[in-house]
Amino acid sequence: MEKTFYLTTAIDYVNALPHVGTAYEKIGADALARFKRLCGVETFFLMGVDEHSANVERQARANGVPPQAYCDEMCAKFESVWRTLDISYDRFIRTSEPAHAATVREIFQRIARKGDIYKGKYRGWYCVSCEAFLKDSDLKDGLCPSHGKKPEWIEEDNCFFALSRYADPLKRHIEEHPEFIRPGARRNEILSFLSEGLEDISVSRAGAAWGIRCPSEESQSIYVWFDALINYVTGAGFHEDREGFARRWPADLHIVGKDITRFHCLIWPAMLMAADIPLPVSVWGHGFVHLGGEKMSKTRGTAIDPSVLAGEYGADSLRYFLLREVPFDRDGEFTLQKFINRYNADLANDLGNLCQRTLVIVAKYLGGAIPPPPADAGEAEGGLRHALLSVREPLCRDMEEMHFHSALERIWAAVACCNRYIDESAPWKLRKEANGEKRLAAVMYTLCESLRILALFIQPFMPMTSTGIRQQLGLTADVKFGSLRETEEFGILEAGLKIGRITPLFPKKEQ
Ligand code: MSP
């Protein structure tokens, strides 16, 4: 049985709609999932929503609706935003699903049977926005450092998970598996945090009616993070699809923000160890999209709606901008000016014009049909061919290392080579020259074939544009599973193929 590449993102709280920052994570994960499929790797991509949060419950009450009805409504809106952004998840999990509650309770009981859950009293701070228990040393001027708000003081009888017992096994695992926490800077942060030891954590909440009932204390609900982390196991089919679960688990990659890597790199693997479930291969902690120098956030009121940008500029433009501008291991700033600049320069001018110029010449001078490939290509043709064929290998390495920005840079370097080639060969003049017809055919075949290859390279990042280019070239819209192989050869495009209707891919926008 072949292992499926199993990839997940964080599941978002549904108390506010997605913003450009939360979308960034999903777009990065989607680019990777699409790339894997393009390489012919069986892939399962999980996303979803985190519903049992106190914030969600408060928001529902503020809106005067029961939490479940509120979540139903918000979940539909989330899915609609992700569809607008062309996110190709295979399963969208909701933590209010019965299968999830059953999985959470089963895992809780397994851990309890192991002797790693016990009753105790929690006395300390709780930040509802983080849904996290905080120590005095975590606070900055008495406030939660992530949300700038004063946490609540809580004293209650809870169930505790014996996290401290796992400090040594976790340390060993992280040291023996360098790929477990990526990028390296996050790994160092976690190791240094671990060096101070771990404290047991409370995993149930008294007085929270909205949540999964706690098996050893039915009046309490299970701590929302304990519940949420288990989504990765539920989503793989733990409860209802044992065969699927065996193919998918362990997860190959959890993609999450740097603010929640501790939950994923300490609490989550300790829970799995306690439940005797194998650990995920890797956790990637990405950086933040900033707005005005600060993390874009719904709590801070600095959220930009990605659907509005997608509506105005196209989902692919936003996908391209975020992955090109904000390296996946660092923070980056969103500004409308930068976005429009890249739209006009990289998309409208570089890629859009290349397609337009090429196809218009094919339509005007070659009867709208792909010419035959040149029998003996010249030096310039050889150069362009080489430029395109040498993108694939380093591109694959970039994708393995989650260097999406450099993958795009590489593809755009090939786009620049095409533009230089069209300028230097000036096909619009060739017809009038002696023997020009043959040369015109050679130049235009080389350009159309380059566009075919470029459409495959950009597919993981800009699926609609990839389809658009293919259709305009006269190819089928769909990219087949494993199509990256078709970028290993130059000369696949068939002569005589009628090109499709030419439409501008990225109409220019005002500054
Ligand atoms: N519900 C938890 C995750 C549970 S996973 C088992 C949560 N939800 S969230 O809605 O607050 O955040 C969802 C994801 O979006 C997290 O990975 C978070 O880091 C990420 N981001 C939130 N704001 C972001 C930016 N401004 N930029 C990039 N990522 C951002 O945490």
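The values are calculated or read from the model by the stated rules, or taken from the named source; none is laboratory data. Because the structure is predicted, anything quoted here is derived from the model rather than measured. Note: ideal-geometry Cβ built from the backbone for every residue, glycine included; neighbour counts use all protein chains shown. Ligands, DNA and RNA are excluded from the accessible area calculation, which covers all protein heavy atoms including side chains. Shrake-Rupley method; radii C 1.70, N 1.55, O 1.52, S 1.80 Å.
For Cys396 and Lys114, the FRET efficiency from 1/(1 + (r/R0)^6), where r spans their Cβ atoms and R0 equals 35 Å, is about 0.25. From helices alone, the chain scores -13500 deg cm²/dmol at 222 nm; the rule is -39500 (n - 2.57) for each run of n ≥ 4 DSSP H residues, then divide by the residue total.
Solvent-accessible surface of protein heavy atoms, probed at 1.4 angstrom with all chains present, puts Val281, Val224 in the order Val281, Val224, largest first. Rounded, prolate or oblate: pick one for the range 26-183, where a ≥ b ≥ c are the square roots of the eigenvalues of its C-alpha gyration tensor, a/c under 1.5 means rounded, and failing that, prolate if a/b is larger than b/c, else oblate. Taking the square roots of the gyration eigenvalues as a ≥ b ≥ c, the range 26-183 is oblate. Residues of the range 340-380 with an amide N closer than 13 Å to a point placed 7 Å from the Cα of Glu433 along the Cα-to-Cβ direction: 378-380.
Taking the range 215-279, which GluC sites (Glu not before Pro) meet the DSSP loop condition and have no more than 11 other C-beta atoms within 10 Å?
none
Label the chain by shape, choosing from rounded, prolate and oblate, from the square roots a ≥ b ≥ c of the eigenvalues of the Cα gyration tensor; if a/c is under 1.5 it is rounded, and otherwise prolate applies when a/b is larger than b/c, oblate when it is not. Verdict is prolate for the chain.
The stretch between Asn341 and Met464 holds 42.2 nm of extra length on full extension. This uses 0.36 nm per residue minus the Cα-Cα distance.
Here Lys114 is the anchor, and the lysines within straight C-alpha reach of less than 21 Å, apart from those fewer than 8 places off in the same chain, are Lys171. Heavy-atom accessible area for His147, with the other protein chains in place and a 1.4 Å probe, reaches approximately 40 Å². Fully extending the segment from Glu240 to Lys135, taken as 0.36 nm per residue of separation minus the present Cα-Cα distance, adds 33.9 nm. Among the lysines, select those whose C-alpha is under 27 Å from the C-alpha of Lys77, and discard any that sit fewer than 8 residues away in the same chain. Partners within reach: Lys26, Lys258, Lys295, Lys298.
The residues packed around Lys171, meaning those with a beta-carbon under 13 Å from its beta-carbon, carry a net charge of -1 if Lys and Arg are +1 and Asp and Glu are -1.
Return one whole number: the accessible area per residue of the range 337-487 in Å², for a 1.4 Å probe.
Here the per-residue accessible area is 42 Å².
Close amide H contacts of Tyr6 (hydrogens built in the peptide plane, cut-off under 5 Å, sequence separation of 5 or more or a different chain): Phe44, Asp252, Leu253.
Between Glu152 and His386, the simple spin-label model (points 7 angstrom out along Cα→Cβ) gives 6.7 nm. Subtracting the Cα-Cα distance of Ala99 and Asn188 from 0.36 nm times their residue separation leaves 28.4 nm of extension gain.
Partnerless cysteines in the chain, where a partner means another cysteine C-beta under 4.7 angstrom, comprise Cys39, Cys71, Cys75, Cys159, Cys214, Cys265, Cys355, Cys396, Cys417, Cys418, Cys448. Among residues other than Glu325 with Cβ under 12 Å from its Cβ, the summed charge is +1 (Lys and Arg +1, Asp and Glu -1). Give the shape of the range 209-249 as rounded, prolate or oblate, defined through the alpha-carbon gyration tensor: a ≥ b ≥ c are the square roots of its eigenvalues, a/c under 1.5 means rounded, and otherwise the shape is prolate if a/b is larger than b/c and oblate if not. Prolate, because a/c is 1.5 or more and a/b exceeds b/c.
When all protein chains stay in place and ligands, DNA and RNA are ignored, the 1.4 Å accessible-area order of Arg324, Arg385, largest first, is Arg385, Arg324.
Spin-label model, Glu73 to Arg420: label points 7 Å out along the Cα-to-beta-carbon direction sit 5.7 nm apart. Taking all protein chains as shown and a probe of 1.4 angstrom, Val360 keeps an accessible surface of around 60 Å². At the residue level, Cys265 shows approximately 0 square angstrom of accessible surface with a 1.4 angstrom probe and all protein chains present.
Heavy-atom accessible area with a 1.4 Å probe sorts Tyr24, Tyr122, largest first, into Tyr122, Tyr24.
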